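The values are calculated or read from the model by the stated rules, or taken from the named source; none is laboratory data. All of these numbers come straight from a predicted model, not from anything done at the bench. We place every Cβ from the backbone using ideal geometry, glycine too, and count neighbours over all the protein chains shown. Calculation scope for accessible area: heavy atoms of the full protein, side chains included, ligands and nucleic acids excluded. Shrake-Rupley method; radii C 1.70, N 1.55, O 1.52, S 1.80 Å.
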Amino acid sequence: MGWAIEGCQGIGRHVANRLLVDGEQVLDVPPKLSARARVFATGQGRKTDATDAHSIALVGTRMAGLRPVVNDEQLALLRILVDRCRSLGEDHTRMVSQLHQLLLELIPGGAKKSLSAAQAKALLATVRPRDTVGKTRRRVAAELVWPDQQDRFPWENGYSLEAQAQPLIAQM
């Protein structure tokens with residue numbers, strides 16, 4: 001026999017991986033199957049830890065065709081790389097949105113929706129704020145479009161801020 005874990009591709013992944021490392025056999029119980037078993041076992045479908053464990057055990061012991069979980073290093077490697085790629089895309093989108101918000105606050109009417117880094121640099125070159133808040137907004141916007149000394153942008157690995165790029169809070 002082995003272990004039946006609900007949601008081995010989601011929240012149960014860590015428990016399943018620990019068991020696999022210890023040499024245990026693990027079956028992946030889909031959440032829908034355990035929910036059906038819970039409804040039939042209790043008649044109400046209420047979700048408690050005890051009824052969850054019981055319904056997962058019932059499905060694990062009585063259902064044929066459940067997917068055995070295997071420790072696939074290539075799959076884990078691909079998952080890490082895909083997560084990193086997704087994270088970089090999300091970071092880029094967040095920074096572009098932040099840049100647009102800053103430009104809207106710095107320039108009357110803001111900037112056009114599809115803005116290249118070169119266009120953002122040209123717009124920022126025309127902005128000369130006089131107050132501390134405006135200067136800080138411009139500096140933060142500049143960090144989003146200007147690379148560091150190694151030509152890396154904030155969404156790239158190894159990006160580092162210069163000492164002068166720190167916020168102007170100390171001057172206030």
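Would you tally the residues in the range 74-108 being open to solvent by 90 Å² or more (accessible area, probe 1.4 Å) and outside any helix (DSSP H, G or I)?
1
Exactly one condition in (1) surrounded by 14 or more Cβ atoms within 10 Å (Cβ to Cβ); (2) over 27 Å from the mean Cα position of the chain (by Cα); (3) charged (D, E, K, R) is not met by Lys112; state its number.
The failed condition is (1).
In the list Arg130, Arg138, which residue meets the criterion of being open to solvent by less than 60 Å² (accessible area, probe 1.4 Å), out of contact with any His (no Cβ under 7 Å at 6 or more places or on another chain) and among the basic types (Lys, Arg)?
Details: Arg130 fails: open to solvent by less than 60 Å² (accessible area, probe 1.4 Å).
None of the others qualify; the one that does is Arg138.
Of the conditions (1) open to solvent by less than 90 Å² (accessible area, probe 1.4 Å); (2) in contact (Cβ under 8 Å) with a residue 24 or more places away in the chain; (3) over 23 Å from Asp83 (Cα atoms), Gln25 satisfies every one except a single condition; which number is it?
With (1) open to solvent by less than 90 Å² (accessible area, probe 1.4 Å); (2) in contact (Cβ under 8 Å) with a residue 24 or more places away in the chain; (3) over 23 Å from Asp83 (Cα atoms) applied to Gln25, the lone miss is (1).
What residue, among those in the range 4-14 that are under 17 Å from Asp72 (Cβ atoms) and either at pLDDT 90 or above or out of contact with any strand residue (DSSP E or B) (no Cβ under 9 Å at 6 or more places or on another chain) (or both), is least open to solvent (accessible area, probe 1.4 Å)?
Ile5
Hey, can you tell me all the residues within the range 21-64 that are at positive phi and at pLDDT 90 or above? Before you say what the answer is, go through the steps one by one.
The first filter runs over the range 21-64 and keeps only residues at positive phi, leaving 23, 43, 45.
Selection gives Gly23 alone.
Considering only the range 39-55, I want to know if a residue exists there that is surrounded by 11 or more Cβ atoms within 10 Å (Cβ to Cβ) and touching a Leu at 6+ places or on another chain (Cβ under 8 Å).
Among the residues of the range 39-55, at least one is surrounded by 11 or more Cβ atoms within 10 Å (Cβ to Cβ) and touching a Leu at 6+ places or on another chain (Cβ under 8 Å), which makes the answer yes.
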